[in-house]
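Quick one: the structure is below, questions incoming.
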Amino acid sequence: IITGANSGIGKAAACEIAKRGGTVHLVCRNEDRAKEARKDVVEQSKNENVHVHLVDMSNPRKVWEFASGFSQNHNLHVLINNAGCMVNQRELTEDDLEKNFATNTLGTYILTTALIPTLKKSENPRVITVSSGGMLVQKLNVEDLQFEEGSFDGTMAYAQNKRQQVIMTEQWAAQHKEVHFSSMHPGWADTPAVRSSMPDFYAKMKNKLRTEAQGADTAVWLAISDTASRQPSGLFFQDRKAVSTHLPLACSRSSPAEDQKLMSKLEELAAKFKYYDIHS
């Protein structure tokens, strides 16, 4: 499963894995773009085992519903959490959740935890979460997960979510030894998300950005290589190497109690939206 797979790094990862014979499930929000992405992936890979699932990752009920249905009908070896959202105004979803948090953190939390039992049934299962180097400037703020206090900055909200993803990865790795978890920084790649969400950054840096395939490379390596699966679980990678999750002197470390509090708050929030299949 690859979320946010209709463009950018997600689509590039889907192409690479399909080329190697993998069965790929594209989780996308927009039907037309998803169909177009599937067509491209099949054409490039010559692999017809590419499936589309329409899920809005900012809608927790829909995420639960998808995970429940998928678990009943499919095996799963690898989950790549790639879907990302960076809105620059504080926007609420229909469930009154801040949109960046709903997509990047809560959606990722629900999808992953709901699919862990299915992953555990497979040999050598893996979860890769596409984070960002932007998270290095953020210390976990577990007291204001939805940016209700102070002025709203979409870039900082996104970076905070990406810090949360790294902590979630570390916590899951400690809790679920049968699954290999990792997070990664793709480098700054030329993707539709970067072009639309960070236009000033893109204008300055466009000639120095990586291609989408280069951005996806470490995620693909983590998903399928034997070397990656022999690395300890829970690490943060860049360019196929485990790197520190903190810059020197950055004071970005949170305490074990804060990390645990994040997981407890996410579990509590996720439970409010839990989807129960009447047939299960």
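The values are calculated or read from the model by the stated rules, or taken from the named source; none is laboratory data. Small disclaimer: the values here were computed from a predicted structure and weren't measured. Positions of Cβ are generated from backbone atoms using ideal geometry, with glycine treated the same way; all protein chains shown enter the neighbour counts.
Whether any residue in segment 97-113 is crowded, with 20+ Cβ neighbours inside 10 Å and not in a helix (DSSP H, G or I) is what I want to check.
Yes, the conditions are met somewhere in segment 97-113.
Also: Of all the residues that make up segment 145-157, how many are under 19 Å from GLU258 (Cα atoms), of a type outside the set (A, V, I, L, M, F, W, C) and surrounded by 13 or more Cβ atoms within 10 Å (Cβ to Cβ)?
So the count comes out to 1.
Something else now. Does at least one position in segment 75-89 carry a residue that is surrounded by fewer than 16 Cβ atoms within 10 Å (Cβ to Cβ), farther than 18 Å from VAL130 by Cβ and without any contact (Cβ under 8 Å) to a residue 40 or more places away in the chain?
No, every residue in segment 75-89 fails to be surrounded by fewer than 16 Cβ atoms within 10 Å (Cβ to Cβ), farther than 18 Å from VAL130 by Cβ and without any contact (Cβ under 8 Å) to a residue 40 or more places away in the chain.
How many residues are at pLDDT 95 or above and farther than 18 Å from TRP221 by Cβ if we restrict to segment 174-199?
5
Oh, and also: So which of ARG20, ARG33, ARG38 is farther than 25 Å from ASN104 by Cβ and of a type outside the set (A, V, I, L, M, F, W, C)?
ARG20
Where residues in segment 206-236 are of a type in the set (Ser, Thr, Tyr) and closer than 21 Å to SER122 by Cα, which of them is surrounded by the most Cβ atoms within 10 Å (Cβ to Cβ)?
Among those that are of a type in the set (Ser, Thr, Tyr) and closer than 21 Å to SER122 by Cα, it is SER233.
Return the pairs, sorted by first residue and then second, in which the second residue is modelled with pLDDT under 95 and loosely packed, with under 15 Cβ neighbours inside 10 Å, the first residue lies in segment 39-66 and is more than 14 Å from CYS28 (Cα to Cα), the beta carbons are less than 6 Å apart, and the residues are 6+ apart or on different chains.
TRP64/LYS274
GLY10: surrounded by fewer than 21 Cβ atoms within 10 Å (Cβ to Cβ), touching a residue at least 24 places away in the same chain (Cβ under 8 Å) and either not in a loop (DSSP other than H, G, I, E, B) or not hydrophobic (A, V, I, L, M, F, W, C) (or both), yes or no?
Considered against the rule, which asks whether it is surrounded by fewer than 21 Cβ atoms within 10 Å (Cβ to Cβ), touching a residue at least 24 places away in the same chain (Cβ under 8 Å) and either not in a loop (DSSP other than H, G, I, E, B) or not hydrophobic (A, V, I, L, M, F, W, C) (or both), GLY10 comes out as no.
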